[in-house]
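Below you'll find the structure, written out as structure tokens, and then a few comments.
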Amino acid sequence: MDRIDVHETPLDVAAEYAALQKANTADGACAMFVGSVRDFNAGSAVGGLALEHYPGMTEKSLRAIVADARGRWPLGRVNLVHRVGPMQVNEEIVFVGVTSPHRQAAFAACQYIMDRLKTEAPFWKCETVRRACGAEEERWVEARASDQAELEKWA
Amino acid sequence: MDRIDVHETPLDVAAEYAALQKANTADGACAMFVGSVRDFNAGSAVGGLALEHYPGMTEKSLRAIVADARGRWPLGRVNLVHRVGPMQVNEEIVFVGVTSPHRQAAFAACQYIMDRLKTEAPFWKCETVRRACGAEEERWVEARASDQAELEKWA
Amino acid sequence: MIKVLFFARLRQQLGMGELRLEDFSGTVRSLCAVLCERYPQWREHLDDDAIRVAVNQELADSDASVAAGDEVAFFPPVTGG
Amino acid sequence: MIKVLFFARLRQQLGMGELRLEDFSGTVRSLCAVLCERYPQWREHLDDDAIRVAVNQELADSDASVAAGDEVAFFPPVTGG
């Protein structure tokens, strides 16, 4: 029922949505989230991103998060795909899609999965930052306190 | 910036997402919701749906809802499409997509737009219900108290 | 002249989708009273707290004013989405 | 034998992504002390409250036990999604 995948190739959001919706007559609600590479972060122009992960742990962590979401809400299909490796500005990093008979459950589960993923799934972003002088440098993205704070609403 | 549309032809979710994402380098977050026709509602098998609306008021109402969402959160693109007329089980009724630099804003705005639409946009669903004896009959869908209750979280 | 519209279940119950009323001026509540006087069989459907009203395509309450040129719509709670 | 992994910024700071430790048994905290004793220049990076730990690919705290055959990973706060 769950599709959980981590790969280096570009995400295909249309295909992910089609898999959630195809012949799914029981669920009237589908909530989705797509995170992609912004051109600006923490005051600097971003030229691209490389995503490192912990191969053995990543899928295990994502499966645990999705299982917890299923324990909280009545969900139909769950589809969670995360890209790793190098990627360009505007390319998709993560797709989360959740179907349910109920709109509130679909929204809540989609947001819950993202909030948990952001704080515990072993991914690390390294940005290529363009300085005003034209030089490029690599910079590890700092974790945000706000991501930790978002978790509290699910406690 | 906003695409708001009401039409009788099928929704194309892939195209709607593509329009939100294309060359959008400022927004790292895209939250979407799709509502579609379920095969079962309020204890009965559903064979299809016809959606009536109030043509003069519909788009006006949707525009006001989206404008209010923009007043609450920093949003990039907003795309709200609602189908009307006859449709089959599993077909899409509504698409809401919102982009933002921030994940929380995208999720909140998407859910807010759906909660407002569900309680004030002038659409009415008439289901074709299949009785156990094989007979079909048309039935106006009842509004849910829970939809009204959802609004309170935005007050 | 006022344009009055009915939608969905209410349209079916009243057996009418649209009517025009000459020389009315007052509130939504008094418009409703005029209609129920003219069509007594509408009262059970129209004089119902669940029924919503829009004046000139914006949601309104019973105290809203209605005058010549206005469009008033009565309908059941909405169920789109 | 214990397998120890380092990721992201921490991997770069320590200049090492993986090491193997013979004959260790204790807690995550004592494992960290053993590593900092062997590589004193690691202390400022490894002995930091922000650093997260996973034992056998599940998040763990400093009191978690580590024994032969375990895989222990140290890494900075995650930033995916």
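Observations on the model:
- Failed condition for residue A:91, given (1) at the interface with chain D (Cβ under 9 Å from one of its Cβ atoms); (2) charged (D, E, K, R); (3) touching a residue at least 60 places away in the same chain (Cβ under 8 Å): (1)
- Identity of the residue in region C:24-37, farther than 23 Å from residue C:78 by Cα and touching a residue at least 40 places away in the same chain (Cβ under 8 Å), that ends up surrounded by the most Cβ atoms within 10 Å (Cβ to Cβ): C:24
- Those residues of region B:89-127 which are of a type in the set (S, T, N, Q), closer than 17 Å to residue C:81 by Cβ and surrounded by fewer than 23 Cβ atoms within 10 Å (Cβ to Cβ), in sequence order: B:90, B:119
- Filter result for residue A:73 (closer than 26 Å to residue A:48 by Cβ and in contact with a strand residue (DSSP E or B) (Cβ under 8 Å, 6 or more places away or on another chain)): no
- Summed over region C:38-60, residues that are surrounded by fewer than 16 Cβ atoms within 10 Å (Cβ to Cβ), out of contact with any Lys or Arg (no Cβ under 9 Å at 6 or more places or on another chain), over 17 Å from residue C:8 (Cβ atoms) and at pLDDT 95 or above total 5.
- Any chance residue A:135 is surrounded by fewer than 17 Cβ atoms within 10 Å (Cβ to Cβ), without any contact (Cβ under 8 Å) to a residue 24 or more places away in the chain and over 22 Å from residue B:31 (Cα atoms): yes
- Complete set of residues in region A:79-88 that are surrounded by 24 or more Cβ atoms within 10 Å (Cβ to Cβ) and more than 14 Å from chain B (Cβ to nearest Cβ): A:80, A:82
- Filter result (aliphatic (A, V, I, L, M) and away from chain D (no Cβ under 14 Å)) within region A:95-110: A:98, A:105, A:106, A:108, A:109
- Residue check, residue A:113 assigned to a strand (DSSP E or B), in contact with a strand residue (DSSP E or B) (Cβ under 8 Å, 6 or more places away or on another chain) and within 10 Å of chain D (Cβ to nearest Cβ): no
- For residue B:149, the criteria (1) surrounded by fewer than 19 Cβ atoms within 10 Å (Cβ to Cβ); (2) at pLDDT 95 or above hold in every case but one, which is (2).
- Candidates B:126, B:133 - the one that is at pLDDT below 95 and either within 14 Å of chain C (Cβ to nearest Cβ) or over 15 Å from the mean Cα position of the chain (by Cα) (or both): B:133
- Scanning region B:28-53 for residues that are among the hydroxyl-bearing types (Ser, Thr, Tyr) and either part of a loop (DSSP other than H, G, I, E, B) or within 19 Å of the chain's Cα centre (by Cα) (or both) yields one hit, B:36.
- Contact map, region B:31-52: residues that are at the interface with chain A (Cβ under 7 Å from one of its Cβ atoms) paired with residues that are part of a strand (DSSP E or B) and among the acidic types (Asp, Glu), Cβ distance under 6 Å, separation 6+ or inter-chain. Pairs shown: B:34/B:92; B:36/B:92.
- Unmet criterion (only one of (1) at the interface with chain B (Cβ under 10 Å from one of its Cβ atoms); (2) over 30 Å from residue A:134 (Cα atoms); (3) surrounded by 22 or more Cβ atoms within 10 Å (Cβ to Cβ)) for residue A:69: (1)
Quick grid of which residues meet (1) under 25 Å from residue B:64 (Cα atoms); (2) in contact with a His (Cβ under 8 Å, 6 or more places away or on another chain); (3) among the acidic types (Asp, Glu); (4) touching a residue at least 12 places away in the same chain (Cβ under 8 Å):
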residue: C:16; (1), (2), (3), (4): no, no, no, no
residue: C:52; (1), (2), (3), (4): yes, no, no, yes
residue: C:64; (1), (2), (3), (4): yes, no, no, yes
residue: C:69; (1), (2), (3), (4): yes, no, no, yes
residue: C:81; (1), (2), (3), (4): yes, yes, no, no
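- Residue match in region B:136-143 (condition: among the basic types (Lys, Arg) and more than 14 Å from chain C (Cβ to nearest Cβ)): no
- Among the residues here, residue A:25 does not qualify as within 11 Å of chain B (Cβ to nearest Cβ), over 15 Å from the mean Cα position of the chain (by Cα), among the hydroxyl-bearing types (Ser, Thr, Tyr) and surrounded by 22 or more Cβ atoms within 10 Å (Cβ to Cβ).
The values are calculated or read from the model by the stated rules, or taken from the named source; none is laboratory data. In this text, all values refer to a predicted model and were calculated from it rather than measured experimentally. Cβ coordinates were reconstructed from backbone atoms using ideal geometry, including for glycine residues, and neighbour counts include every protein chain displayed.
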